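The values are calculated or read from the model by the stated rules, or taken from the named source; none is laboratory data. Note that this is a predicted model, so its numbers are computed, not measured. A quick note on method: Cβ atoms are made from the backbone with ideal geometry, for glycine too, and the neighbour counts reach across all protein chains shown. For accessibility, only protein heavy atoms count, side chains too; no ligands or nucleic acids. Shrake-Rupley method; radii C 1.70, N 1.55, O 1.52, S 1.80 Å.
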Amino acid sequence: MSLRDKVDTGKLPRHIAIIMDGNGRWAKEKGQDRLFGHFHGVESVRNIVEGCAELGVEYLTLYAFSTENWDRPIEEVTGLMELLVDTIRKEVSTLNKNNIKLHVIGDMNMLPEYARNELKEALDETSYNTGLNLIMALSYSSRWEIVNAIKSIAADVKAGKLEPFEIDQDSIKDYLATKEFPDPELMIRTSGEYRISNFLLYQLAYAELYFTQVRWPDFRKENLYEAILDFQHRERRFGKTGEQLKHESGIA
Ligand code: IPE
Ligand code: IPE
Ligand code: MG
(Lines give C-alpha, C1' and ligand atoms only; values in the text may rest on other atoms or scores of the structure.)
(Ligands and ions follow the chains in the order given, each with its own letter.)
Protein backbone atom coordinates (compact mmCIF):
# COMPACT_ATOMS: atom_id res chain seq x y z
CA MET A 1 0.00 0.00 0.00
CA SER A 2 1.45 3.36 -0.97
CA LEU A 3 1.59 6.24 1.49
CA ARG A 4 -0.98 8.07 -0.58
CA ASP A 5 -3.42 5.16 -0.25
CA LYS A 6 -2.95 5.15 3.51
CA VAL A 7 -4.15 8.77 3.77
CA ASP A 8 -7.79 8.83 4.85
CA THR A 9 -9.28 11.41 2.48
CA GLY A 10 -12.37 11.56 4.68
CA LYS A 11 -10.27 12.95 7.53
CA LEU A 12 -8.03 15.45 5.82
CA PRO A 13 -6.98 18.65 7.53
CA ARG A 14 -9.11 21.31 5.83
CA HIS A 15 -6.25 23.79 6.05
CA ILE A 16 -2.53 23.03 5.93
CA ALA A 17 0.02 25.79 6.59
CA ILE A 18 3.69 25.32 5.71
CA ILE A 19 6.82 27.21 6.74
CA MET A 20 8.96 26.45 3.70
CA ASP A 21 12.37 26.57 5.31
CA GLY A 22 15.90 25.41 4.46
CA ASN A 23 16.46 26.66 0.92
CA GLY A 24 19.65 28.49 1.81
CA ARG A 25 21.25 25.58 3.67
CA TRP A 26 20.22 23.16 0.93
CA ALA A 27 22.10 25.30 -1.59
CA LYS A 28 25.14 25.85 0.63
CA GLU A 29 25.41 22.10 1.22
CA LYS A 30 25.72 21.76 -2.54
CA GLY A 31 28.35 24.51 -2.71
CA GLN A 32 25.88 26.84 -4.39
CA ASP A 33 24.49 30.31 -3.86
CA ARG A 34 21.43 30.71 -1.58
CA LEU A 35 19.31 31.82 -4.53
CA PHE A 36 19.93 28.44 -6.15
CA GLY A 37 18.05 26.96 -3.18
CA HIS A 38 15.11 29.33 -3.60
CA PHE A 39 15.02 28.48 -7.28
CA HIS A 40 14.74 24.77 -6.50
CA GLY A 41 12.20 25.47 -3.78
CA VAL A 42 9.77 26.47 -6.52
CA GLU A 43 9.62 22.87 -7.74
CA SER A 44 8.57 21.79 -4.25
CA VAL A 45 5.85 24.44 -4.24
CA ARG A 46 4.47 23.07 -7.53
CA ASN A 47 4.61 19.51 -6.27
CA ILE A 48 2.92 20.24 -2.94
CA VAL A 49 0.23 22.46 -4.44
CA GLU A 50 -0.55 19.66 -6.88
CA GLY A 51 -0.50 17.08 -4.06
CA CYS A 52 -2.95 19.10 -1.94
CA ALA A 53 -5.26 19.71 -4.90
CA GLU A 54 -5.27 16.00 -5.79
CA LEU A 55 -6.12 14.96 -2.24
CA GLY A 56 -8.88 17.54 -1.88
CA VAL A 57 -7.32 19.78 0.79
CA GLU A 58 -9.35 23.00 0.82
CA TYR A 59 -6.77 25.55 2.00
CA LEU A 60 -2.99 25.62 1.74
CA THR A 61 -1.03 28.53 3.19
CA LEU A 62 2.63 28.83 2.19
CA TYR A 63 4.96 31.12 4.13
CA ALA A 64 7.11 32.43 1.30
CA PHE A 65 8.58 35.65 2.69
CA SER A 66 8.37 37.14 6.16
CA THR A 67 8.42 40.80 7.16
CA GLU A 68 11.77 40.05 8.80
CA ASN A 69 13.16 38.59 5.56
CA TRP A 70 13.39 42.16 4.20
CA ASP A 71 16.49 42.48 6.41
CA ARG A 72 18.42 39.89 4.39
CA PRO A 73 21.20 40.98 2.01
CA ILE A 74 19.78 43.09 -0.81
CA GLU A 75 20.81 40.63 -3.57
CA GLU A 76 18.88 37.84 -1.89
CA VAL A 77 15.80 40.00 -1.31
CA THR A 78 15.74 41.25 -4.89
CA GLY A 79 16.40 37.82 -6.37
CA LEU A 80 13.76 36.18 -4.21
CA MET A 81 11.15 38.83 -4.97
CA GLU A 82 11.74 38.47 -8.70
CA LEU A 83 11.56 34.70 -8.45
CA LEU A 84 8.31 34.79 -6.49
CA VAL A 85 6.59 37.23 -8.79
CA ASP A 86 7.89 35.53 -11.93
CA THR A 87 6.73 32.13 -10.68
CA ILE A 88 3.27 33.36 -9.75
CA ARG A 89 2.86 34.97 -13.19
CA LYS A 90 3.99 31.83 -15.00
CA GLU A 91 1.82 29.53 -12.91
CA VAL A 92 -1.48 31.37 -13.45
CA SER A 93 -2.51 29.14 -16.38
CA THR A 94 -1.75 25.98 -14.38
CA LEU A 95 -3.67 27.37 -11.40
CA ASN A 96 -6.65 27.99 -13.66
CA LYS A 97 -6.38 24.57 -15.25
CA ASN A 98 -6.49 23.02 -11.77
CA ASN A 99 -9.26 25.31 -10.48
CA ILE A 100 -6.94 26.80 -7.81
CA LYS A 101 -7.76 30.18 -6.34
CA LEU A 102 -4.82 32.33 -5.32
CA HIS A 103 -4.87 34.59 -2.24
CA VAL A 104 -2.11 36.73 -0.75
CA ILE A 105 -1.69 37.78 2.88
CA GLY A 106 0.96 40.23 4.03
CA ASP A 107 2.07 43.85 3.93
CA MET A 108 1.67 44.62 0.24
CA ASN A 109 2.89 48.19 0.80
CA MET A 110 6.40 46.83 1.32
CA LEU A 111 6.45 45.19 -2.11
CA PRO A 112 7.87 46.96 -5.15
CA GLU A 113 5.16 48.31 -7.46
CA TYR A 114 5.80 45.80 -10.28
CA ALA A 115 5.29 42.97 -7.80
CA ARG A 116 2.04 44.42 -6.51
CA ASN A 117 0.70 44.79 -10.05
CA GLU A 118 1.65 41.27 -11.09
CA LEU A 119 0.09 39.84 -7.97
CA LYS A 120 -3.13 41.77 -8.44
CA GLU A 121 -3.44 40.38 -11.97
CA ALA A 122 -2.86 36.82 -10.77
CA LEU A 123 -5.45 37.27 -8.01
CA ASP A 124 -8.02 38.63 -10.48
CA GLU A 125 -7.35 35.91 -13.04
CA THR A 126 -7.86 33.08 -10.56
CA SER A 127 -10.67 34.68 -8.57
CA TYR A 128 -13.46 32.53 -10.05
CA ASN A 129 -11.80 29.20 -9.26
CA THR A 130 -13.56 27.03 -6.70
CA GLY A 131 -11.02 24.28 -5.87
CA LEU A 132 -7.98 24.56 -3.61
CA ASN A 133 -7.43 27.95 -2.00
CA LEU A 134 -3.71 28.71 -2.24
CA ILE A 135 -2.73 31.42 0.22
CA MET A 136 0.73 32.92 -0.23
CA ALA A 137 2.08 34.64 2.88
CA LEU A 138 4.28 37.29 1.34
CA SER A 139 5.89 40.06 3.34
CA TYR A 140 3.80 38.58 6.14
CA SER A 141 4.31 38.46 9.84
CA SER A 142 1.78 37.64 12.49
CA ARG A 143 2.66 40.58 14.72
CA TRP A 144 2.26 42.95 11.78
CA GLU A 145 -1.17 41.41 11.18
CA ILE A 146 -2.19 41.66 14.85
CA VAL A 147 -1.06 45.29 15.11
CA ASN A 148 -3.15 46.10 12.04
CA ALA A 149 -6.14 44.28 13.44
CA ILE A 150 -5.92 46.20 16.72
CA LYS A 151 -5.65 49.53 14.87
CA SER A 152 -8.75 48.71 12.83
CA ILE A 153 -10.70 47.58 15.89
CA ALA A 154 -9.74 50.79 17.71
CA ALA A 155 -10.80 52.88 14.70
CA ASP A 156 -14.16 51.09 14.49
CA VAL A 157 -14.78 51.56 18.20
CA LYS A 158 -13.94 55.25 17.89
CA ALA A 159 -16.29 55.60 14.91
CA GLY A 160 -19.08 53.96 16.88
CA LYS A 161 -19.24 50.93 14.55
CA LEU A 162 -18.20 48.49 17.25
CA GLU A 163 -18.87 48.37 20.99
CA PRO A 164 -16.00 47.14 23.19
CA PHE A 165 -18.29 44.50 24.75
CA GLU A 166 -18.91 43.07 21.26
CA ILE A 167 -15.23 42.18 20.83
CA ASP A 168 -14.83 38.43 21.08
CA GLN A 169 -12.70 35.68 19.50
CA ASP A 170 -14.79 35.61 16.34
CA SER A 171 -14.87 39.35 15.82
CA ILE A 172 -11.08 39.50 16.23
CA LYS A 173 -10.80 36.90 13.46
CA ASP A 174 -12.72 39.23 11.18
CA TYR A 175 -9.95 41.80 11.46
CA LEU A 176 -7.14 39.41 10.54
CA ALA A 177 -5.75 38.98 7.03
CA THR A 178 -7.02 35.40 7.15
CA LYS A 179 -10.65 36.30 7.87
CA GLU A 180 -11.93 34.30 4.89
CA PHE A 181 -10.14 31.10 5.89
CA PRO A 182 -10.63 28.53 8.64
CA ASP A 183 -7.71 28.11 11.07
CA PRO A 184 -4.98 25.71 9.93
CA GLU A 185 -5.34 22.26 11.42
CA LEU A 186 -1.85 21.11 10.45
CA MET A 187 1.29 23.26 10.42
CA ILE A 188 4.41 21.82 8.80
CA ARG A 189 7.90 23.28 9.10
CA THR A 190 10.75 21.87 7.06
CA SER A 191 14.52 21.83 7.65
CA GLY A 192 14.70 20.95 11.34
CA GLU A 193 13.89 24.29 12.95
CA TYR A 194 11.46 24.10 15.85
CA ARG A 195 9.91 27.54 15.91
CA ILE A 196 6.98 29.51 14.51
CA SER A 197 8.95 32.56 13.24
CA ASN A 198 6.06 35.01 13.47
CA PHE A 199 3.64 32.87 11.44
CA LEU A 200 -0.14 32.82 12.12
CA LEU A 201 0.24 33.15 15.90
CA TYR A 202 -3.48 33.64 16.54
CA GLN A 203 -4.64 31.10 13.97
CA LEU A 204 -2.35 28.25 15.02
CA ALA A 205 -3.80 28.11 18.55
CA TYR A 206 -4.95 24.49 18.12
CA ALA A 207 -3.04 23.39 15.03
CA GLU A 208 -1.10 20.13 15.14
CA LEU A 209 2.57 20.95 14.58
CA TYR A 210 4.75 18.73 12.40
CA PHE A 211 8.49 19.24 12.04
CA THR A 212 10.72 17.45 9.57
CA GLN A 213 14.45 17.55 8.91
CA VAL A 214 13.84 17.54 5.15
CA ARG A 215 14.94 20.80 3.54
CA TRP A 216 12.22 22.55 1.55
CA PRO A 217 13.77 21.94 -1.92
CA ASP A 218 13.66 18.18 -1.19
CA PHE A 219 10.10 18.18 0.16
CA ARG A 220 7.71 16.24 -2.10
CA LYS A 221 4.21 14.72 -2.05
CA GLU A 222 5.46 11.62 -0.19
CA ASN A 223 6.67 13.88 2.64
CA LEU A 224 3.31 15.63 2.64
CA TYR A 225 1.49 12.29 2.92
CA GLU A 226 3.74 11.37 5.86
CA ALA A 227 2.81 14.60 7.62
CA ILE A 228 -0.91 14.08 6.98
CA LEU A 229 -0.72 10.47 8.19
CA ASP A 230 0.99 11.65 11.36
CA PHE A 231 -1.79 14.23 11.80
CA GLN A 232 -4.44 11.55 11.30
CA HIS A 233 -3.01 9.50 14.15
CA ARG A 234 -3.15 12.28 16.68
CA GLU A 235 -5.86 12.84 19.22
CA ARG A 236 -7.02 16.46 19.07
CA ARG A 237 -8.45 17.16 22.49
CA PHE A 238 -9.06 20.94 22.48
CA GLY A 239 -8.68 21.03 26.25
CA LYS A 240 -10.97 18.09 26.95
CA THR A 241 -9.97 14.65 28.23
CA GLY A 242 -9.41 11.64 26.00
CA GLU A 243 -12.35 9.91 27.73
CA GLN A 244 -14.70 12.77 26.92
CA LEU A 245 -13.74 12.57 23.25
CA LYS A 246 -14.36 8.83 23.13
CA HIS A 247 -17.71 9.31 24.78
CA GLU A 248 -18.68 12.06 22.32
CA SER A 249 -17.76 9.95 19.31
CA GLY A 250 -19.79 7.06 20.72
CA ILE A 251 -16.81 4.71 21.15
CA ALA A 252 -17.12 4.38 24.93
C1 IPE B 1 13.26 29.53 3.35
O2 IPE B 1 14.59 29.18 3.27
C3 IPE B 1 12.84 30.60 2.38
C4 IPE B 1 12.72 31.94 2.96
C5 IPE B 1 12.83 32.26 4.21
C6 IPE B 1 12.47 33.01 2.05
P7 IPE B 1 15.75 30.02 3.95
O8 IPE B 1 16.21 31.04 2.96
O9 IPE B 1 15.32 30.54 5.25
O10 IPE B 1 16.85 28.91 4.11
P11 IPE B 1 17.76 28.64 5.39
O12 IPE B 1 16.83 28.53 6.56
O13 IPE B 1 18.68 29.80 5.51
O14 IPE B 1 18.44 27.37 5.08
C1 IPE C 1 10.56 31.77 8.13
O2 IPE C 1 11.82 31.30 7.83
C3 IPE C 1 10.00 32.53 6.99
C4 IPE C 1 9.77 31.77 5.75
C5 IPE C 1 9.92 30.51 5.57
C6 IPE C 1 9.28 32.55 4.68
P7 IPE C 1 13.14 32.04 8.32
O8 IPE C 1 14.26 31.22 7.82
O9 IPE C 1 13.11 33.46 7.89
O10 IPE C 1 12.99 31.98 9.89
P11 IPE C 1 14.09 32.08 11.03
O12 IPE C 1 14.83 33.35 10.82
O13 IPE C 1 14.99 30.88 10.88
O14 IPE C 1 13.32 32.03 12.30
MG1 MG D 1 15.37 29.79 7.13
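At a glance:
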| item | result |
| --- | --- |
| Residue in segment 201-252 that is nearest to residue 64 (Cα to Cα), counting only those that are without any contact (Cβ under 8 Å) to a residue 12 or more places away in the chain and small (Gly, Ala, Ser) | 239 |
| Options 220, 236; residue that is open to solvent by 70 Å² or more (accessible area, probe 1.4 Å) and of a type outside the set (Gly, Ala, Ser) | 220 |
| Residue tally, condition over 22 Å from residue 197 (Cα atoms) and open to solvent by 60 Å² or more (accessible area, probe 1.4 Å), over segment 12-26 | 1 |
| Residue 95 being out of contact with any Cys (no Cβ under 7 Å at 6 or more places or on another chain), modelled with pLDDT of 95 or more, open to solvent by less than 40 Å² (accessible area, probe 1.4 Å) and under 25 Å from residue 51 (Cα atoms) | yes |
| Residues that are without any contact (Cβ under 8 Å) to a residue 40 or more places away in the chain and in a helix (DSSP H, G or I), drawn from segment 30-53 | 36 |
| Any hit, segment 101-117, residues being away from ligand 2 (no atom under 14 Å from the Cβ) and of a type in the set (Phe, Trp, Tyr) | yes |
| Leading residue by the ranking (surrounded by the most Cβ atoms within 10 Å (Cβ to Cβ)) among those in segment 180-205 that are away from ligand 2 (no atom under 16 Å from the Cβ) and closer than 18 Å to residue 57 by Cβ | 186 |
| Flag for residue 219 being in contact with a Lys or Arg (Cβ under 6 Å, 6 or more places away or on another chain), of a type outside the set (A, V, I, L, M) and within 15 Å of ligand 1 (Cβ to nearest atom) | no |
| Answer from 54, 43, 29 - the residue that is over 18 Å from residue 188 (Cα atoms) and either away from ligand 1 (no atom under 13 Å from the Cβ) or open to solvent by less than 30 Å² (accessible area, probe 1.4 Å) (or both) | 54 |
| Enumeration of residues in segment 1-26 that are free of Cβ contacts under 8 Å to residues at least 60 places away in the same chain and within 16 Å of ligand 3 (Cβ to nearest atom) | 24 |
